[in-house]
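Here is the structure we will look at, set down as C-alpha cells.
Read-outs: derived from the displayed coordinates by stated rules, not from any lab. None of the values given here were measured: they were computed from a predicted structure. Because the Cβ atoms are built from the backbone with ideal geometry, glycine has one as well, and the counts that use them run over all protein chains shown.
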Amino acid sequence: MDTAAWVILLLKKGFMSNDIEFRDVSFTYAGADKPALRNINLNISPGEVVLITGPAGSGKTTLCSCINGLIPHFHEGELVGEVLVRTYRTARARIGGLASLVGMVFQDPESQLVTNSVGDEIAFGPENLGIPREEINARVQDSLKATRLVGYEEREPHSLSGGEQQANVIAAVYAMQPEIYIMDEPLANLDPIGRTQVLKVVVDVVKQRGKTLVIVEHSLEEVLPLVDRVIVVHDGEIIRDGTVAEILAGGEIPNVFTPPPIVQLADTFQLNPIPLTPDDFYDKFSSQYHLHPIPELDLGNNEREAGPKIIELQDVSFSYDQKSPVLRHINLEFHAGEITAILGRNGSGKTTLVRHIIGLLQPNDGKVVVLGKDVSTTPTYELAQDVGFCFQNPNHQIVSFNVRDEVVFGLKAHHIDPAEFESRTKEALEFVDILDYIDAEVFDLGKGQKQRLALASVLTLRPRILIIDEPTTGQDPRMAREIFEIIKRLNESGTTVLMITHKIDYAAIYAHRAVVLQKGEVVYDGGMQDLMSDSELMQANSLDLPDTTKLASKFSQYGVPPWLVKTEDLAHVLRQLVEAPNGH
C-alpha cells in the first residue's frame, strides 16, 4: 500500500494528528457587543495534558464549549471558523455523538446533576453509552473511590455540599471514560486535600490511558507540576502558549497571568531551572546558598481582643433526615468585630452551621441566639435586617433580571425609604467594584460578577453581621484578593464576618480566628497560626497548607516561622538566611 493510501485509511479510521483543532475561530454570543473568542488557532495532540488559564471573563469557558459542541448547538451566537474534534466538525456533529468522545465537567456542578442519587448520577453516562451492567457497577465503585464519595451512593445529589456535588460530577465523567476530558474549574468547590487527590487521579488516568485532558483552572500551584502545556487566554485571544517552563520564563502579565508564589520566590533568588514545588525549591535553594540560623522573629498575628458576644450556639444538633446527624452538640460564641474563618473538608457541616444563624434551618436540639434574639422565635426577615447572608452559589439568591433591580429588591422587601434607594445602590455596587454594571442584565454577568452582585444586594441593608459562603468561587486570583479586601474593609467599618472558605492562605492573612468542623463537631477553635502549626490536625480535616507555608516549615530548623503565608514575608526571611552563594 502506498503512502497516500495509508494516510487516507488512517483518516477514515479516525487516527487524526490532533484530538482538537481550532481553525481561525471567533464566536460572539447573541446580543453581545464584542466577540467572546477572537481568531483562535489551536491544535491539541492526543495524550496532551493542557492547562488553560487567564482572568475571569477572558473566554476560557467559551473555548471549552466549542469543543463539546454546546457552541453552536446550544449557546446562540455567531460562530466563524471551524472546530474539529478528531474526525468530527462540531458545527455539523450532534452533541450526543460528541458526548461519547468528550466528557466535560462544568464550572457550576448543579447544572450537570440530573438524577436522584449519587450512584445513579455516576451510572447515568455509561448506561447511555450501552455499557454492560457488570462493567457499569465496576466503574461506579472505581469512581466513588477516586472522588472520596464511597458511602454516598444513595444520597440525593442536590442535598450535598457544593464540593461534594463537584466531586459527583467529576465521578460521573470519570465513569464514562471519554477520550477527551474537558474540565472547567473542576477544583473550585473542593477542599484542599480533595483538590489534590481528584486532580492527581484524573491526570494519572489520562496519562495511563493515553487520553487528552484540557483543564481550566486558576490554582496554578496545584496544576502546573502536572501539565505538559499552558495556554493563557485574555480578552478572547490566546496571548501565550507553550510548555510550563516557556510560560513561566515569560514572567508575569499584569492582571492576566501571575506565576505561583514558589515561582516568584525562585525568580527573586535566581533559582534555575525554575522549581514548581516546595521540595524542589528547598533543594535548589539549599544547594545554591549557604544558610545560617536567624534569631526568633516577631511578625505579629491577626488575633484580636474579643468584643461583646453577638452570636451563640448552645448545644446545637441537627439532622436533615432524623437519622444522620450533620451537626453534633455545637457550642460556639462569635464576638463583635471578628473575622472568623469556618473551615473543614467538604460535607463537614459548615454551610449547615451558618444557616442556623440566619434562621434558614432550625436545630433539632439546642438553641441559637443572635444579637440577643432566639432565632427559633424571630422571623427570618427580622434577622435579615442585621444578618446578611451570601450563598455559595449566587444564583440561589438572585431574583431579578437587571442589576439595579436586584440591588433594590432587598431595600423594597425591608421597607427602606425609597429616597435612599439610589444612594444605597450606588454605594453598595461601588464597594464591590461593579458600579459600571448598574444597568446591565444579570444574564450577561460572569459567576464572579454575580457573586459581587449578591454581596452588594446584602450590603445595601448595612448588616451588622455578614455570613459569606465560599466568597471566591468563580473568581480569578486578582478578583479573589479584591473580595477579601472588601471583606477586610467591611470589618474595619464595624461588620462582624463569618466566612466559609477553602482558601487557607487568604484565611490565614485576613481572619482573626478559625473554627474547624469535622463530621459536624467543632475540633478546633482558635488562632490561624496555631492551626497551621498543627500539621496532623490540618491533614485530618483536608486543610492542606499553602505552598509558602510548606516551604517555610522546611526552613524551620533555621528559625523560620513554620506558619508564614505571605510571599513577601517569606522572601524577607529567606534573605536573612543567606550569607553568600556557595563558591563565592
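More than 36 Å apart: what percent of Cα pairs in the chain qualify?
40
If you find the alpha carbon centre of region 549-578 and of region 352-425, how far apart are they in angstrom?
42
Give the percent of DSSP beta bridges with both residues in the chain that are antiparallel, rounded to the nearest 5.
55
Tell me what the chain gives for mean residue ellipticity at 222 nm when only DSSP H runs of n ≥ 4 count, each as -39,500 (n - 2.57), the sum divided by the residue total, rounded to 500 deg cm²/dmol.
Computed mean residue ellipticity for the chain: -10500 deg cm²/dmol.
In a shell of Cβ-Cβ distance under 12 Å around PRO192, excluding PRO192 itself, what net charge do Lys and Arg (+1) and Asp and Glu (-1) give?
That sum, taken over residues with Cβ under 12 Å, equals -2.
Bin by bin, in steps of 10 Å, what percent of the Cα pairs in region 40-170 do you find, going until the bin that has the longest distance?
Distribution as computed: 11, 35, 35, 18, 2 percent.
With the crude spin-label approximation of a point 7 Å out along Cα→Cβ, what separation in nm comes out for GLN208 versus LEU371?
5.5
Check ARG240: other-chain or 5+ apart residues with amide H under 5 Å from its amide H, H built from backbone geometry?
VAL232
May I ask for log10 I(q)/I(0) of region 79-235 at q = 0.09 Å⁻¹, from a Debye sum over the Cα atoms as equal point scatterers with solvent left out?
Log-scaled intensity ratios, in q order: -0.29.
What FRET efficiency comes out for the pair PHE401/ASN137, r = Cβ-Cβ distance, R0 = 51 Å, nearest 0.05?
0.70
For region 393-409, what does the Karplus curve 6.51 cos²θ - 1.76 cosθ + 1.60, with θ = phi - 60°, yield as ³J(HN,Hα) per residue in whole Hz, taken in order and with x for Gly and Pro?
Along region 393-409, the couplings run 9, x, 5, 6, 10, 8, 10, 10, 8, 10, 4, 4, 4, 5, 5, 6, 3 Hz.
Which pairs in the list LYS34/LYS503; LYS323/LYS350; LYS450/LYS554; LYS412/LYS447; LYS309/LYS550 are over 29 Å apart, alpha-carbon to alpha-carbon?
In this structure, LYS34/LYS503; LYS450/LYS554; LYS309/LYS550 exceed 29 Å between Cα atoms.
Would you please put 47-60, 368-381, 253-266 in order of how densely packed they are, using the mean number of other Cβ atoms within 10 angstrom per residue and starting with the highest? Write down the numbers at each step before the final one.
Details: 47-60: 21.7, 368-381: 14.6, 253-266: 19.7.
Packing proxy ranking, top to bottom: 47-60, 253-266, 368-381.
Just to verify a number: FRET efficiency for TYR381 and SER287, C-beta to C-beta distance, R0 = 41 Å, to 0.05?
0.05
In whole angstrom, note down how far apart the Cα centers of region 460-487 and region 174-241 are.
Using only Cα atoms, the two centres lie 26 Å from each other.
What FRET efficiency would be calculated for the residue pair ASP24, GLN270, taking the C-beta separation as r and a Förster radius of 41 Å, to the nearest 0.05?
It comes to 0.50.
Using DSSP to call loops (not H, G, I, E or B), can you name the GluC sites (Glu not before Pro) in region 302-363 whose Cβ has at most 12 other Cβ atoms within 10 angstrom? Please report the intermediate quantities before stating the final value.
Values: sites: GLU303, GLU305, GLU312, GLU333, GLU338; in loops: GLU303, GLU305, GLU338.
When the GluC sites (Glu not before Pro) of region 302-363 are filtered for loop state and at most 12 Cβ neighbours within 10 Å, GLU305 remain.
To one decimal place, what Kirkwood hydrodynamic radius in Å is obtained for region 152-205 from all pairs of distinct Cα atoms?
By the Kirkwood definition, the hydrodynamic radius is 11.7 Å.
List the extent of the Cα atoms of region 213-312 along each of their three principal axes, largest first, rounded to whole Å.
53, 45, 25
Per residue, what volume in Å³ does the convex hull of the Cα atoms of region 451-535 enclose?
Cα-based convex hull of region 451-535, divided per residue, equals 114 Å³.
To check you understand DSSP bridge types, tell me what percent of the beta bridges within region 309-540 (both residues inside) are antiparallel, rounded to 5.
So the antiparallel bridges in region 309-540 amount to around 55 percent.
Mind giving me the nanometre distance, one decimal, between the label points for GLU305 and VAL150, set 7 Å out from Cα along Cα→Cβ?
The answer from the label model is 5.1 nm.
Through the Karplus equation 6.51 cos²θ - 1.76 cosθ + 1.60, θ set to phi - 60°, convert the phi angles of region 163-178 into ³J(HN,Hα) values in whole Hz; use x for Gly and Pro.
3J(HN,Hα) across region 163-178, in whole Hz: x, 5, 4, 5, 4, 5, 5, 4, 4, 5, 6, 4, 5, 6, 6, x.
Could you bin all the Cα-Cα distances of region 309-540 into 10 Å bins starting at 0 and give me the percent of pairs in each, rounded to whole numbers?
8, 33, 36, 19, 4, 0
Report Rg (one decimal) and Dmax (nearest whole number) for region 125-216, counting Cα atoms only, units Å.
Using the Cα atoms of region 125-216, the pair Rg, Dmax is 12.8, 35 Å.
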